[in-house]
Each structure stands twice: as structure tokens, then as C-alpha cells.
Amino acid sequence: MRKLSLLIVSSMVTGITWGANSLMIPLYLKGLGLSPFEIGTLLALAILVSATVSLVLSAYADAYGKIRVLTIQSLLSIVGIILLIVGIPFGYITLGGFGGGTIKMAMISDLSDDMERDLSRVNSGSILFSVLGSAIVGFLDPPYVFSVELIIYIISIALVIAVGETSSPQRKFTFGLKSGKTIFKFSTDSLIGLGAGMVIPLMSLWFYLKFGIGREELAPIYVISELTLAFSSMISPILSKRFGTVNTIFATEIASILLLVYLPFTSSFLDASLVYVVRNALMNMTSPIREAFILSLIPREERSRGNGFVNLFHAIPRALGPEIGGMFFGLGNLTLPFLITASLYSISGIAFFFMFRKVNDSKPLS
């Protein structure tokens, strides 16, 4: 139980970096002189490089140990932060840490007797910490925010090292998977990845271009959004046990898509903020039960690289998204990316429902 708690805390605290960077990075890069298209291109490159390297590192983690890989990933993130502090935009490419969260989820699943419950705790805790990350962006200049992130990465990896390995390494480096057919069904996530990449990393830039709102005014909205998501994530396992995992994921995604279609047509910052907050909660509240659902279908010895493949399906198309979204934003079209994203989300959601609707998901996943 102590090891599980340390892993959960290690995963939670990195939420600060997520909350800070989702709000700060696009505007920080703009301040360094990058155009919307260049910002989108850099975000795309970061996602592509991270997804590719993280798959290799996930396979290495299954073969030779997760702690070694997580240490490497933390060091890469620290290097990225230092480069950004001195004004080198390409530091963002290594800031994501190359999939460290994926390996931590696999470690938590090794120790957990109720994955939906524990991953929900991780997700909600990460979101609450992300609130702090969004908040500090509102009153600290970027170099100081990056300094806080350095401390967070050091704390996070120290906690993981204290836990140690949670399963025996296979001592064989391979990308082969017995669960390959099951994992391939999640390739529909590629549509979500492409759509999300077009708008989600650029939301703070969209608010700026549409309403002239900067990071100081946006910080409270991001804080409210993350607090709402933290609460909704805690109730998602309850909904899952009542209605089933697949039904819960499908219903909340469809509701969020309707709001996504409406968002670019809002006429005021207040209206757009309200829609953004509710849509974000509906789309992402089922992340922990979805993660638990995926891990429950993958053998324990394959979970790092299996989850790595699922993330790759999502990440490679997502890498193309920011460049497309940045191009449209640069041309002054602030609506079409949202409509394309909503269409892609709809196709993916319907495909997911029909592929997994017969899975017996009424019992807790463990």
C-alpha cells in the first residue's frame, strides 16, 4: 500500500507541469517570436518525437526495468525546461518526458486491486495539481514557472526510485504482443488524436486571437476548468459501475462533441469560457476508467509497451494536428478546426462503442 501511494503521489504532482504548460507554452512561444503556424509545427514535432521515443522506451522498460527508463525520461524533461528558460524553443520537444506517465500507469496497475478507483485518484489528483500549475502562470513570469517545474520533476522521480520495480523485467527486448489484436482495436484513437491536436494545444492562442485575452485573464478559467474536471473524474467510476464503462465513455464523449461544435460560434469570452469548462469535463472525465479498461485487456507483462502502442495510435496523428490548426488560425479561420475535430471525435466514438459494447464491463477492473 505504501508503494502504491508513493506512485500515485509521483503521478499526481506532475500535474503542475501539465496545468502550467497547457496555458503558458503557446503564449510563451509567441513571445519568443514564433508565428501561429510555427507554434503549431513545434508542438506537432514534440508530439511526434515523444510518441516514437516513448514506444521504444516502454518496450525497454518491460525488458530491463521501469525505474531506469523513468529516470532517463525525467532527465530529458529537465533538459527541455532548461532550454526553454534560456529562450530556445526546441526545448519543448523533450519537455514531455517521452511517455513517463504510461509506464507509471503500468506500475500502478501492478500494485492495484481496483484500477478504476486508483487511476481515478491519480487523474483527479493530477488535475488538482494542474490547477495550481494554471494558477501560478497567472502571477509568475515563465522563467519562474519553469523553475517550479524543475523541482516537481526531481520530486516525482525521487518518489518512483523509492518505490523500486513493481514487476520482474522480462530480460528480452521486443515489440511483440500477444494482445496485438485487442490493442489494434484502439487504433481508432488516431482520429481523436488528429482532432485534439488541431485545437486543444492551441486553446490559449485561440482565446487570444478571438477575444484578445492573455494568460493573466485565462488563468482563472483554466483553474475552474481543472477543478470541474477533477470532480467529474471522481464520479466516473461510479457511473461506470452503474451504466458500464463503454456506455459511460460513449455518452460523455457525444455530449462533449455537441459543445465542441458550438464553441467557435460563441460571441463572448464569458460564453466561450463556460462552454470550454463543461466540454473539457465531459470529454476527459472518463480518462481513468478508459485507462483502466485498456490495461485490463492487456497481459501484465505487456502493459508498458501495449499502452505505449495505444498512445502511439493517438500521438502520431495528434502530431499533425497543431500544424493544421496553426495554419488555419494563421489564416484567420478560427472555426473550421473545431468542426473537423468534432467530426473525427464522432467517428472514433461510434467505432469504439460498436467494437467494445459487448465486453462485460459491469464489474470493477483490477
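Determine whether the range 263-279 contains at least one residue that is at pLDDT 90 or above, assigned by the TED database to the domain that holds PRO299, in a loop (DSSP other than H, G, I, E, B) and in contact with a Lys or Arg (Cβ under 9 Å, 6 or more places away or on another chain). Among the residues of the range 263-279, at least one is at pLDDT 90 or above, assigned by the TED database to the domain that holds PRO299, in a loop (DSSP other than H, G, I, E, B) and in contact with a Lys or Arg (Cβ under 9 Å, 6 or more places away or on another chain), which makes the answer yes.
Going by the conditions given, is LYS241 over 22 Å from the mean Cα position of the chain (by Cα), exposed (fewer than 15 other Cβ atoms within 10 Å of the Cβ) and in contact (Cβ under 8 Å) with a residue 40 or more places away in the chain? Against the criterion (over 22 Å from the mean Cα position of the chain (by Cα), exposed (fewer than 15 other Cβ atoms within 10 Å of the Cβ) and in contact (Cβ under 8 Å) with a residue 40 or more places away in the chain), LYS241 does not qualify. When every residue of the range 354-365 is checked against the conditions, at least one turns out to be in a helix (DSSP H, G or I), free of Cβ contacts under 8 Å to residues at least 40 places away in the same chain and not assigned by the TED database to the domain that holds ASP118. Within the range 201-224, if we keep just the residues that are in a helix (DSSP H, G or I) and free of Cβ contacts under 8 Å to residues at least 60 places away in the same chain, the residue that is least open to solvent (accessible area, probe 1.4 Å) turns out to be ILE221. In the range 178-197, of all residues being open to solvent by less than 40 Å² (accessible area, probe 1.4 Å) and of a type in the set (A, V, I, L, M, F, W, C), the one that is farthest from GLY40 (Cα to Cα) corresponds to ILE183.
Residue-wise test of (1) among the basic types (Lys, Arg); (2) over 26 Å from GLY138 (Cα atoms); (3) surrounded by 24 or more Cβ atoms within 10 Å (Cβ to Cβ).
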{"position": "LEU4", "(1), (2), (3)": "no, yes, no"}
{"position": "VAL9", "(1), (2), (3)": "no, no, no"}
{"position": "TYR64", "(1), (2), (3)": "no, yes, no"}
{"position": "ASP114", "(1), (2), (3)": "no, yes, no"}
{"position": "ARG117", "(1), (2), (3)": "yes, yes, no"}
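When GLY349, GLY306 are screened for being in a helix (DSSP H, G or I) and farther than 30 Å from PRO169 by Cα, only GLY349 passes.
Hey, could you check the range 262-300 for residues that are under 21 Å from PHE353 (Cβ atoms) and polar (S, T, N, Q) and say which is least open to solvent (accessible area, probe 1.4 Å)? So, considering only residues that are under 21 Å from PHE353 (Cβ atoms) and polar (S, T, N, Q), the one least open to solvent (accessible area, probe 1.4 Å) is THR286.
The values are calculated or read from the model by the stated rules, or taken from the named source; none is laboratory data. As the structure is a prediction and not an experimental result, all values here were calculated from the model. Counting neighbours? That spans all protein chains shown, and the Cβs are built from the backbone with ideal geometry, glycine included. These accessible areas exclude ligands, DNA and RNA; they are computed on the full protein's heavy atoms, side chains included. Shrake-Rupley method; radii C 1.70, N 1.55, O 1.52, S 1.80 Å.
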